[in-house]
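Structure, as structure tokens:
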Amino acid sequence: MKFTEFGFNAEILEGLEAMRFEDATPVQEQTIPIILQSRDLIACAQTGTGKTAAYLLPVFNQLVAGNTDVTTTLILVPTRELAIQIDQQMQGFSYFLPVTSIAVYGGNDAGLWEMQKKALITGANVVVATPGRLLQHLSMGYVKFSSLSYLILDEADRMLDMGFHDDIMQIVKAMPSQRQTLLFSATMPPKIRDLSRKLLKPDAEEISIAMSKPAEGILQAAYLVYDTQKIPLISSLLKGKDLNSVLIFSSTKLKVKEIHKALRREGFQAEAIHSDLDQSERESVMLNFRNRKTEILVATDIIARGIDVDGIDLVVNYDVPGDAEDYVHRVGRTARAKSTGVALTLINENDMEKFATIERLIDTTVYKSPLPDGFEPGPEYDPSKSKRGNFHRKGGYKGAKGGRKNFSPKKKSSN
């Protein structure tokens, strides 16, 4: 379906044409008509499906028609990285539109607080905010949501995972009951169902875009290792390889710091991003990674869904993700826009059950690559010994059909 078929205002179409947006993605095709009809909506769609544009474009379309100078739209998100990313996308979509926006997120910068305060007082049309920071502003008494027409929750499942349920409900109390509410979530567990019943009208529409498998351009592989082998293995895989952009995910900020220090000791150009950094430091780290000033970024899961960087050559899961769907989000950071990339996962003796769950979700047997020469053998991959057991596939775990036998990026040229 073409964007020209939605009946958008001429100003919206002008912006889409300038950005060369022509064909709508499945989530956009299904949700935009519903939103334009002013219906409440709950949508299950993973990161990378175009859901941000799916809700921004119809909301902008209504804002242009209303030509208002008050806050009409609130977008709640789990992390500051996602808030910044959405705000940047808004600036692109609204380049030709008389629409104002502000990203509201935490940080110790007094100037940032004052900028957010001013925008909230003067009535930025669209506010994209993390719940905790917005509550701080709300408690000061100058935030006015009396004219709010749209409440959008993006990555709602992640917000609940991070403990924002009570904050969300407190924010909702400051809003008019007559509004359009849109809830987007990558997964649909019972707690999301419960939240939707509290926030959405009884006749809300529901759509679900099937969880897509990792892109065909991603070469997936895994290594069976003990924890003490992980850092030496990563070092061995990276040394001398022609990789411009590498993203390493770990489960905790403590591990991120350890990996970062170890890689720096090995002479790698690596930086780390985690919650202990203040906002200016996090923005600097991300900017350096986007601009290729930093070759390797070590990160916690907090940015797995929020990071939007093209041209990532390699994603490494230092730990097997605890949530099978998070694996798809992590490895999906590479091979974007029909490019190619590599995704490697390090599996220790305790993570085999979790990785078996991932393989069931993506309906793929990920090739288990042998460790490089010089490494002692790792644990044997046998999910049947895990708590769940009974996970067997025809052909076992001897490697994906047609899969490559080794991960070997091109070596750097001597020139």
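Where a number appears in this text, it was derived from the coordinates with a stated rule and is not lab data. All figures in this text were calculated on a predicted structure; none of them were measured in a lab. So basically every Cβ, Gly included, is an ideal-geometry build from the backbone, and we count neighbours across all protein chains shown.
General observations
- Listed candidates (i) 18.5; (ii) 22.1; (iii) 23.6 - label of the one calculated as mean projected area of the Cα convex hull in nm²: (ii)
- For the pair ASP203 and ARG360, the difference between a 0.36 nm per residue extended length and the Cα-Cα distance amounts to 53.1 nm.
- Rounded Å value of the spacing that divides the Cα centres of the stretch 127-204 and the stretch 241-306: 30
- With the simple model of a label 7 Å out from the Cα in the direction of the Cβ, ASP310 to THR122 spans 3.2 nm.
- Cα-only radius of gyration and Dmax that characterise the stretch 187-310, units Å: 18.7, 58
- FRET efficiency for the pair MET19 and ARG292, taken as 1/(1 + (r/R0)^6) with r the Cβ-Cβ distance and R0 = 22 Å, rounds to 0.40.
- Taking the convex hull of the alpha carbon positions in the stretch 61-178 and averaging its projected area over all directions gives 7.1 nm².
- When restricted to Cα atoms, the stretch 1-139 yields an Rg and a Dmax of 15.3, 46 Å, respectively.
- Here the gap between ARG265 and THR340, fully extended at 0.36 nm per residue and compared with their Cα-Cα distance, gives a gain of 24.0 nm.
- For the set LYS253/LYS354; LYS239/LYS354; LYS51/LYS117, the pairs lying more than 25 angstrom apart at their alpha carbons are LYS239/LYS354; LYS51/LYS117.
- Over all pairs of different C-alpha atoms in the stretch 218-385, the reciprocal of the mean inverse distance, the Kirkwood hydrodynamic radius, equals 16.2 Å.
- Residues with amide H under 5 Å from that of THR345, placed H, sequence gap 5 or more: ALA221, ALA222, TYR223, ASN317
- Dimensionless Rg ratio for the stretch 130-180, taking C-alpha atoms and the 2.2 N^0.38 Å reference: 1.14
- One decimal place: the segment MET162-LEU36 gains 42.3 nm when fully extended, by the rule 0.36 nm per residue minus the C-alpha distance.
- At q = 0.19, 0.27 Å⁻¹, base-10 log of I(q)/I(0) for the stretch 40-85 (Debye sum, equal scatterers on each alpha carbon): -0.78, -1.21
- Residues of the stretch 173-211 with amide N under 19 Å of a point placed 7 Å along Cα→Cβ from ALA65: 178-182, 205
- Of the chymotrypsin sites (Phe, Trp or Tyr not before Pro) found in the stretch 101-204, those that fall in a DSSP loop while having at most 16 other beta-carbon atoms within 10 Å are TYR142.
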